[in-house]
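Notes to accompany the following structure.
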Amino acid sequence: MKPLFVLLTSFLITLLVTKKIHQQIKVDLSARISLSIMLCFTAIGHFVFTEGMAMMLPEILPIKNQIIYLTGIFEIGAAIAIHIPKLRKQTAWVLILFFIALLPANINAAMLNVDYQNATYKGVGVTYLWFRVPLQVLFILWTYFSGIKWIKI
């Protein structure tokens, strides 16, 4: 829920700021900026809630904490790269693949009742997926339209 709030709030704010600066609404720029803000916000969680996020990963995966750190670093890198015109389209496609790859971890976490913030198995469970799956679809569509379809160089 928090990433959605960050994404939408920062989008509305950046729409107003870009209107003020450019004398017109820049939807594509505002969408990319808000995506970057959301990615940085979620990346922070990878460093603050490492143990809980590691619990979300399937047992078969080794070096869980390192995977969590690497994905946090990836999110920060993508938040920057989405603003570089020569990298924008490729970054958007990689982010879309990343969002798709996250879904199994979210399903696993819901089935195990993972509360990643407290690193316990006392989370909300499978009902969380009713929100998380559409949220992943929104992130994918947001990335597609802000990084690929509305690309302006």
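Residues checked against (1) modelled with pLDDT of 95 or more; (2) over 14 Å from TYR116 (Cβ atoms):
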position: LYS26; (1), (2): no, yes
position: LEU35; (1), (2): yes, yes
position: THR42; (1), (2): yes, no
position: ALA54; (1), (2): yes, no
position: LYS64; (1), (2): yes, no
position: LEU70; (1), (2): yes, yes
position: GLU75; (1), (2): yes, yes
position: ILE82; (1), (2): yes, yes
Output the residues belonging to the range 113-137 that are closer than 22 Å to PHE98 by Cα and surrounded by 15 or more Cβ atoms within 10 Å (Cβ to Cβ).
VAL114, ASP115, TYR116, TYR128, LEU129, ARG132, LEU135, GLN136
What number of residues within the range 39-77 are without any contact (Cβ under 8 Å) to a residue 40 or more places away in the chain and touching a helix residue (DSSP H, G or I) at 6+ places or on another chain (Cβ under 8 Å)?
21
Here are some conditions: (1) hydroxyl-bearing (Ser, Thr, Tyr); (2) closer than 18 Å to LEU29 by Cβ; (3) more than 16 Å from the chain's Cα centre (by Cα). THR127 meets all but one. Which one does it not meet?
(2)
Can you tell me how many residues within the range 90-111 are surrounded by 15 or more Cβ atoms within 10 Å (Cβ to Cβ) and at pLDDT 95 or above?
7
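The values are calculated or read from the model by the stated rules, or taken from the named source; none is laboratory data. As the structure is a computational prediction, the values presented were derived from the model and not from experiment. Quick reminder, even Gly has a Cβ in these numbers, built from the backbone with ideal geometry, and neighbours come from all protein chains shown.
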